[in-house]
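The values are calculated or read from the model by the stated rules, or taken from the named source; none is laboratory data. Computed from a predicted structure; not experimentally measured. Neighbour counts are summed over all protein chains in view; Cβ atoms, including those assigned to glycine, are modelled from backbone coordinates with ideal geometry. Side chains are part of the model used for accessible areas, which takes the heavy atoms of the whole protein and leaves out ligands, DNA and RNA. Shrake-Rupley method; radii C 1.70, N 1.55, O 1.52, S 1.80 Å.
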Amino acid sequence: MSIPAAPERRTIGLAPMAATHLADVLALGRRVYDTSAKPYTSWSLSAIARHLDSEASACWVALDEGRLAGFVLGSMGFDQRADWGNLEWIASAPEYQGQGVASRLVKACCATLTEAGASAVVTDVESRNTASAALMRSNGFEASVSVTLFVRQTPP
């Protein structure tokens, strides 16, 4: 009696993000970011292009046979700290979540920023986003500064 072979697992590869990935990255971001919730209201093509076009770009894509499984956007410089890297945007397509894609993207981004001279890598996570907070903690990030965003709606 023969034992059936286990289904072959595809390998999801990482690649530096290129201009050819822009449309897919923008679409995935629109799919996964709730742009009605602060602070994620700025997701746009210019947000992507700013990181991709930076001198020390740390933008990566995860590809499954050419299909976008996830991305990370990072670059050097955070506020007034030119020596800090900024991991600003990360996403995994829902069908790839829980498979280690985001963790691999975090590691690639951080390694690129470290090679570019970052003395630290910073990111921010919305307080209700427990999955992203767990991802960052599991990749060596520690909660540091807590900021509360105060919003005053203007009357109609």
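I want to confirm something. Restricting to segment 122-139 and keeping residues that are farther than 18 Å from V32 by Cα and at pLDDT 95 or above, which single residue is surrounded by the most Cβ atoms within 10 Å (Cβ to Cβ)? Going through the qualifying residues, I end up with N139. A count restricted to segment 72-88 and to residues that are open to solvent by less than 30 Å² (accessible area, probe 1.4 Å) and in contact with a His (Cβ under 7 Å, 6 or more places away or on another chain) stands at 3. Checking every residue in segment 94-106 against the condition of being touching a helix residue (DSSP H, G or I) at 6+ places or on another chain (Cβ under 8 Å) and touching a residue at least 40 places away in the same chain (Cβ under 8 Å) gives at least one match.
Residues in segment 43-51: is at least one at pLDDT below 95, surrounded by fewer than 15 Cβ atoms within 10 Å (Cβ to Cβ) and in a loop (DSSP other than H, G, I, E, B)? There is at least one residue in segment 43-51 that is at pLDDT below 95, surrounded by fewer than 15 Cβ atoms within 10 Å (Cβ to Cβ) and in a loop (DSSP other than H, G, I, E, B). Write out, first by first residue and then by second, each pair whose Cβ atoms fall under 9 Å of each other, whose residues are 6+ apart or on separate chains, and whose first residue, in segment 139-156, is without any contact (Cβ under 8 Å) to a residue 60 or more places away in the chain while the second is among the acidic types (D, E) and part of a loop (DSSP other than H, G, I, E, B). Final answer for the pair search is V147/D124.
Take the conditions in contact with a helix residue (DSSP H, G or I) (Cβ under 7 Å, 6 or more places away or on another chain) and surrounded by fewer than 22 Cβ atoms within 10 Å (Cβ to Cβ) and apply them to E115. Does it pass?
Working: in contact with a helix residue (DSSP H, G or I) (Cβ under 7 Å, 6 or more places away or on another chain): no; surrounded by fewer than 22 Cβ atoms within 10 Å (Cβ to Cβ): yes.
For E115, the condition - in contact with a helix residue (DSSP H, G or I) (Cβ under 7 Å, 6 or more places away or on another chain) and surrounded by fewer than 22 Cβ atoms within 10 Å (Cβ to Cβ) - is not met.
The residues listed here are E115, E95, E65; of these, the one that is acidic (D, E), in contact with a Lys or Arg (Cβ under 9 Å, 6 or more places away or on another chain) and over 16 Å from L52 (Cβ atoms) is E65.
If the condition is being among the hydroxyl-bearing types (S, T, Y) and either closer than 15 Å to G70 by Cβ or within 11 Å of the chain's Cα centre (by Cα) (or both), then segment 92-119 contributes S92, Y96, S103. Out of all the residues in segment 98-106, is one or more open to solvent by less than 30 Å² (accessible area, probe 1.4 Å) and assigned to a strand (DSSP E or B)? No, there is no match, as no residue in segment 98-106 is open to solvent by less than 30 Å² (accessible area, probe 1.4 Å) and assigned to a strand (DSSP E or B).
Would a scan of segment 110-125 turn up a residue that is touching a Pro at 6+ places or on another chain (Cβ under 9 Å) and not in a helix (DSSP H, G or I)?
To start, the set of residues in segment 110-125 that are touching a Pro at 6+ places or on another chain (Cβ under 9 Å) comprises 112, 124.
Retained after the next criterion (residues that are not in a helix (DSSP H, G or I)): 124.
Yes: segment 110-125 contains one or more residues that are touching a Pro at 6+ places or on another chain (Cβ under 9 Å) and not in a helix (DSSP H, G or I).
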